[in-house]
1. Using only Cα atoms, what is the ratio of the radius of gyration of segment 35-94 to 2.2 N^0.38 Å?
2. Phe419 to Asp260: FRET efficiency via 1/(1 + (r/R0)^6), r the Cβ-Cβ distance, R0 56 Å, to the nearest 0.05?
3. What residues from segment 378-418 fall in the zone where the backbone N is under 14 Å from a label point 7 Å along the Cα-to-C-beta line of Thr358?
4. Collect residues whose amide H, placed 1.01 Å from N in the peptide plane, falls under 5 Å from the amide H of Ser342; neighbours closer than 5 in sequence don't count.
5. Let me test this: with uniform point scatterers at the alpha carbons of segment 464-567, what is the Debye-based log₁₀ I(q)/I(0) at q = 0.19 1/Å?
6. Where the centroid of each part is defined by its Cα atoms, how far is segment 367-434 from segment 288-328 in Å?
7. Could you give each residue of segment 184-194 its phi-based ³J(HN,Hα) in whole Hz, using Karplus coefficients 6.51, -1.76, 1.60 with θ = phi - 60°, and x for Gly or Pro?
8. Of all the C-alpha pairs in segment 27-135, what % are more than 23 Å from each other?
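The values are calculated or read from the model by the stated rules, or taken from the named source; none is laboratory data. On a predicted model such as this, the values are computed, not experimentally measured, just so you know. Please note: Cβ atoms are built from the backbone with ideal geometry, for glycine as well, and neighbour counts cover all protein chains shown. The area values use the complete protein model at the heavy-atom level, side chains included, leaving out ligands, DNA and RNA. Shrake-Rupley method; radii C 1.70, N 1.55, O 1.52, S 1.80 Å.
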Amino acid sequence: MLAMKVLISLQLLGLTLLCVGTFHCQAWPRYTFVVEETPYRRLCSTKNILTVNGQFPGPTLYARTGDTIIVDVYNKGNRNITIHWHGAKQPRNPWSDGPDYITQCPIQPGGRFTQTIIFSSQEGTLWWHAHSEWDRATVQGAMVIYPKKGATYPFPKPYAEFPIILGEWWKEDIGQLYNETIQSGGEPNISSAFLINGQPGDLYPCSKPDTFKLMVDYGKTYLLRLINSALQEMLFFSIANHKVTVVGSDASYTKPFSSDYVTISPGQTIDLLFTADQSPNHYYIAAKAYVGGAGIPYDNTTTTAILQYNGNYTSTSTPSLPNLPSHNDTKASVHFTGSLRSLADKNHPVDVPRNITTPLFYTLSINTLPCLNNSCAGPNGTRLASSVNNISFVDPSIDILQAYYYHVNGAFGTRFPNFPPFLFNFTAQDLPLYLQTPKQGTVVKILEYNATVEIVFQGTNLVAGDDHPMHLHGFSFYVVGWGLGNFDEDKDPLKYNLVDPPLQNTIAVPVNGWTAVRFKADNPGVWFMHCHLDRHMSWGMDVTFIVKNGKGLGAQILAPPPGMPPC
């Protein structure tokens with residue numbers, strides 16, 4: 001007699017058991033996230049910040065490739081919140097992706113939402129963070145995805161590993177900073193400090209006793225899981241007197257290469273090996289801003305942690321600082337980023353789309369909008385904005401995913417342009433003022449299921465050229481080319497790397513330059529793409545993709561889970 005198939009879900013000792021049939025059960029780890037206000041003291045003063053479980057940075061989640069985990073999110077804070085699982089592809093499951101008004105309405109104070117996170121193919125380091133206003137400044141944490149049981153790293157197993165989360169700190173409340181910036185129409189106040197694992201470090205007032213220390217044994221090799229959680233800045237990172245070996249980025253392995261420094265964009269993760277092979281002592285680990293755009297205000301301070309060797313020795317009075325590139329060294333930034341290559345071996349093959357069915361050319365611009373009586377804080381009294389192909393994205397009142405799934409008319413338009421409406425010398429020094437004003441609207445781009453997509457991101461010099469770390473939800477993409485200046489459609493594709501391009505979910509488009517990426521639209525649903533400098537995202541540098549369903553149940557979006565937050 002055939003066994004009757006049953007589906008049982010129960011919570012036991014922090015696990016959710018999914019049972020199909022008589023003997024086939026899989027345990028899903030289950031976590032509880034309580035978002036709440038917690039007092040934290042930094043830079044000689046105390047303020048309340050939003051945290052998860054009272055921790056800053058928040059708890060690290062652990063999984064293996066192919067795992068699914070459950071997270072119950074309770075909002076006991078004082079404002080709306082969402083949580084995004086940055087880099088998790090979430091196949092057919094955009095309902096748990098997290099960006100507010102894109103895949104869900106926010107979790108209101110007193111509310112809860114149970115999210116399912118599917119680690120389908122990623123392996124390495126990802127992270128989670130708030131995706132509502134600028135609350136990810138403190139609502140954030142690492143996600144570590146180990147190889148499947150029985151598999152190993154494609155490099156010698158390190159002696160130990162450490163998440164290293166780079167961040168920013170403001171003395172003022174982050175919600176107040178967001179509101180002031182949106183109301184004024186100008187640039188946000190620069191941060192008061194950068195952070196390493198939540199601490200500013202020795203070079204800031206009232207910070208030395210709590211400086212993060214990384215304890216190591218001489219001769220041992222360690223894995224650093226580096227995450228840039230900063231709101232507004234790309235960062236240079238280095239360890240004094242120690243080289244690092246890059247072995248992964250965005251939960252995808254890379255060909256190992258050695259470097260004295262790292263360039264890391266907001267949203268990006270980089271896995272680094274280093275060997276404690278110097279004279280036992282104390283050495284500074286340090287990070288500071290990289291800002292390629294001219295005239296853009298930035299925090300010019302340096303955050304430090306201490307690499308401290310175990311053992312009996314007499315340390316020098318002051319640790320040595322690493323030689324970080326200068327804050328505007330674009331050459332150093334693109335040299336590092338351009339050195340990333342996929343591992344591309346038999347166990348980690350690449351699958352770069354070759355026959356492109358959907359070519360897209362997206363200009364990334366800083367813009368201005370007129371302001372009544374020229375009363376805003378942008379250039380000449382205008383309001384700062386940003387755009388993709390001259391469209392500055394406007395959040396809808398109902399999230400786009402629910403509007404799409406339930407066929408709600410009028411929530412969004414569907415004619416996002418494949419190419420910019422105006423062709424001009426995108427990176428010229430002097431550009432006509434009329435080009436600065438974008439259109440505003442809630443417009444999405446429809447992609448056919450299994451379309452092979454190429455996006456050429458072109459930075460422009462409108463208002464102020466800047467780097468743009470572009471992040472795509474629901475997918476990883478191959479970075480097949482990049483360059484400075486204007487993209488040449490005849491010459492530049494001839495230089496594409498289609499053999500071992502890096503597989504990433506966040507890539508910095510260089511200031512007044514371009515980057516080309518490719519991916520296959522094989523994940524049905526609604527997926528957000530945006531600049532991960534939060535001021536640019538809030539100003540409108542966003543695109544929402546709708547990937548249509550394919551044929552068969554395995555190529556269609558899952559049904560919404562119970563308990564979706566109300567709008």
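1. Rounded to two decimals, the normalised Rg is 1.41.
2. About 0.90, to the nearest 0.05.
3. Under 14 Å, as judged by backbone N against the label point of Thr358, lie 414-418 of segment 378-418.
4. Here the answer is Lys255, Leu503, since their amide H atoms fall under 5 Å of that of Ser342.
5. Log10 I(q)/I(0), no solvent term: -1.07.
6. After rounding, the separation between the Cα centres reads 37 Å.
7. Working through the residues one at a time gives 6, x, x, 5, x, 4, 5, 5, 7, 6, 8 Hz.
8. 28
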